[in-house]
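Accompanying notes for the structure given below.
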Amino acid sequence: MDMYTHYEKLGANDVNKELVDTLLEEAAKLSSSVLFPCYLSGDDEPCKLTGESVSTPKAFKEAYKQMSEGGWIGISNPTEFGGQGLPSSVGVAAREMMATANWPFIMYPGLSAGCVQTLLTWGSDAQKKEYLPKLVEGTWSGTMCLTEPHCGTDLGQIKTKAKDNGDGTYNLSGTKIFISAGDHDLTENIIHIVLAKLPGAPEGTKGISLFLVPRHVKKADGSLESKKNVLCTGLEVKMGIKASATCQMTFDNSVGYLIGKENEGMKEMFTFMNTARMGTALQGVAHSELAYQNALEYAQERTSMRTVSGAKNPEKTADFIIDHAAVRHNILFAKSIAEGGRCFLTDMARIQDKIERATDAKVAKKLDSELGFLTPIAKAFLTELGTEASLLSQTVYGGHGYIKGNGMEQIVRDCRISTLYEGTTIIQSLDLIARKVLLSKVDEAGAFGSKVNTLAKSNLFGSGAIGTMSRSLWMTQKAWRVLITRLKVSALKDKETVSASAVDFLMATGYMVVAYYWLRMAVAAKKKIDAGADTDGFYQAKIDTATFYFERVLPRFSAHASTATSSASVLSKVHPATLQLLEE
């Protein structure tokens, strides 16, 4: 995709290759020299709760200071609030490097990004003026507080209450759990975006309102109250991302302020939730990339046995393990997911750029629908495949991948949460199949299918790898359209089909979507090769990796499609004893 032409069309004429290259070079320096060195140490020095305060790993404070002072936190935020005003796609490109270097660390400013976006979209002018400058510069940070001990996805059950004081303030009482960055020592204040219910509110999600609750209330003179307005009363001990504080937050008549309108909190919070879901999809790409880099380096140095076709390094006692086809498969899998996912997320960020600068409400709504269709696919598919890429890369190390010190076991532990928080893969799958496909009034699936069809048909009779991949993608999207039709018919007969088919439908869709982006990259790479611009083999590597994806990853589409259309009766009509632990 030609991003610089895209920026020109946006009116961002100052965003050129020279500027972007400079930004990415600086992001690379920060990532490699500051963030990555404290990735492993952060796992050994996890967050700690002492009294009412959480401390982060020692190196995080200096790292956060450098990130904040460098303007990275507000890179894509409006200049009127202290941001750099660059398109979201530029920020995503820089953030991916930082996320790859140290995911637990990047979660702190990542949550702030969602907080900023929520206030930009739903906050009052006074709230924007008071809170956004500090959030954008990184002096303050943000969180979202949804989950409670008795409910996660089903937020209609929340018990946190809000009382209107009649003076523009509210008092909130309740407990929230699993709050990432809920308390820490990196910023002087934390702004919590909280879901709660007002007295007399309708039942379920229709009665939820959204509130801003600061850790320290701001006094009339601009200083902060020393007493905490919200307390961290528990810190989770986790499998991974140990340097990211996952907190239990207690609101005890905590002072808060209404965001937007009463009883419209769920609609408003989706702004934060979708930002977080795209961020989590980025986590899948980041772990794939880091796992790939590690596995590649190890495989180029480690020797073991001879390949089945004979010695590749006869001067050595054994061949390098990268010479073994099975090892190459694992490494190329991680590479294909990292690079395919990167293209996928860059295109989503491009759509976000257009939404943010759209002047026509209808155009913005159409773009938002397109982005909404892609969001659950990106979040679920890229995290599931990112986890698999990490596991396959760990396998390259053999037993050395299981012990601490080489980094692989930490990547595996850290990536696992990506498929769970911000809505599990099951939740994302149900959102896709139900809201975005079966019940959609604007047919987002059909629109995306048309894009895939157009790309595939334009190269359908081509020769070589491009032609082969185009024909494969064209057949896949035809099968995908048939799959949707069959699921619609099945759902009319048995509604359990929707739930039973959801995950397999999303995974099948994900394999097709990433194939679409790989073909786009391959076509662009072929043009460069034909123009004699491939002096270092970069573009040929793109075509080779695309070929690998099409030949050894995309075939999984068929298995998922077949499973998605199988009967749900084996799940819904089993004997009760089948799902019980019976005494012998």
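Solvent-accessible surface (1.4 Å probe) assigned to SER558 amounts to roughly 80 Å².
Once a ≥ b ≥ c are taken as the square roots of the eigenvalues of the Cα gyration tensor of segment 364-500, is the result rounded (a/c under 1.5), prolate (a/b larger than b/c) or oblate (a/b not larger than b/c)? Because a/c hits 1.5 or more and a/b fails to exceed b/c, segment 364-500 counts as oblate. Relative to the Cα centre, the charge distribution of the chain, modelled as +1 at Lys and Arg Cβ and -1 at Asp and Glu Cβ, gives a dipole magnitude of about 1500 debye.
Converting phi to 3J(HN,Hα) with the Karplus coefficients 6.51, -1.76 and 1.60 and the offset θ = phi - 60°, segment 462-467 yields x, 9, x, 4, 4, x Hz in sequence order, with x at every glycine or proline.
With a ≥ b ≥ c the root eigenvalues of the C-alpha gyration tensor of segment 194-250, is it rounded (a/c under 1.5), prolate (a/b larger than b/c) or oblate? It comes out oblate by the Cα gyration axes.
Within a straight-line Cα-Cα reach of under 24 Å, LYS238 can be paired with the following lysines, leaving aside sequence neighbours fewer than 8 residues apart in one chain: LYS48, LYS58, LYS61, LYS176, LYS379, LYS404.
Note on TYR39: accessible area is roughly 10 Å² with a 1.4 Å probe, heavy atoms of protein only.
Segment 222-292 and segment 425-478 have Cα centres spaced 34 Å apart.
Modelled spin-label separation between SER309 and GLU62, with each label point placed 7 Å from Cα along the Cα-to-Cβ direction: 4.9 nm. Does segment 126-239 come out rounded, prolate or oblate by the C-alpha gyration tensor, with a ≥ b ≥ c the root eigenvalues, rounded set by a/c under 1.5 and, if not, prolate when a/b is larger than b/c and oblate if not? The shape class here is oblate.
Helix 125-137 and the long axis of the chain differ in direction by around 50°, with both axes built from C-alpha atoms. For segment 467-584, the solvent-accessible area works out to 55 Å² per residue, with a probe of 1.4 Å and every protein chain left in place. For the set MET305, MET469, the ranking by accessible area, highest first and with no ligand, DNA or RNA atoms included, is MET305, MET469 under a 1.4 Å probe.
Listed by chain and number, the lysines whose C-alpha is less than 17 Å from the C-alpha of LYS9, apart from same-chain residues fewer than 8 away, are LYS17, LYS354.
When the C-alpha to C-alpha distance is required to be over 27 Å, the pairs from LYS65/LYS242; LYS436/LYS457; LYS457/LYS493; LYS65/LYS365; LYS29/LYS366 that qualify are LYS457/LYS493; LYS65/LYS365; LYS29/LYS366. Couplings 3J(HN,Hα) of segment 519-533, computed from phi: 5, 4, 5, 5, 4, 5, 5, 4, 4, 5, 4, 5, 8, x, 9 Hz, in residue order, whole Hz [Karplus 6.51 cos²θ - 1.76 cosθ + 1.60, θ = phi - 60°; x for Gly and Pro]. A DSSP coil position with no more than 13 other Cβ atoms inside 10 Å describes the following GluC sites (Glu not before Pro) in segment 283-341: GLU315. Working from label points 7 Å from Cα in the Cα-to-Cβ sense, the ASN16 to LYS441 distance is 4.6 nm.
For LYS129, the lysines whose Cα falls under 21 Å of its own Cα, not counting residues fewer than eight places away in the same chain, are LYS218, LYS219, LYS261. Label-to-label distance for THR346 and HIS400 is 3.2 nm, based on points extended 7 Å past Cα in the beta-carbon direction.
May I ask you to list the GluC sites (Glu not before Pro) in segment 34-76 that are in a DSSP loop and have at most 13 other Cβ atoms within 10 Å of their Cβ?
Numbers: sites: GLU52, GLU62, GLU69; in loops: GLU52.
Here the GluC sites (Glu not before Pro) that fit, given the DSSP loop and packing criteria, are GLU52.
Between ASP125 and LYS219, the C-beta separation translates, for a Förster distance of 30 Å, into a calculated FRET efficiency of about 0.90. Subtracting the Cα-Cα distance of THR454 and THR79 from their residue separation scaled by 0.36 nm leaves 131.1 nm. What part of the accessible area of the chain, given as a whole %, is carbon or sulfur when the probe is 1.4 angstrom? Of all accessible area on the chain, carbon and sulfur atoms account for 54 percent.
The values are calculated or read from the model by the stated rules, or taken from the named source; none is laboratory data. Quick caveat, the model's predicted, so the values are computed rather than measured. So basically every Cβ, Gly included, is an ideal-geometry build from the backbone, and we count neighbours across all protein chains shown. These area figures cover heavy atoms from the full protein model, side chains too; ligands, DNA and RNA do not enter into them. Shrake-Rupley method; radii C 1.70, N 1.55, O 1.52, S 1.80 Å.
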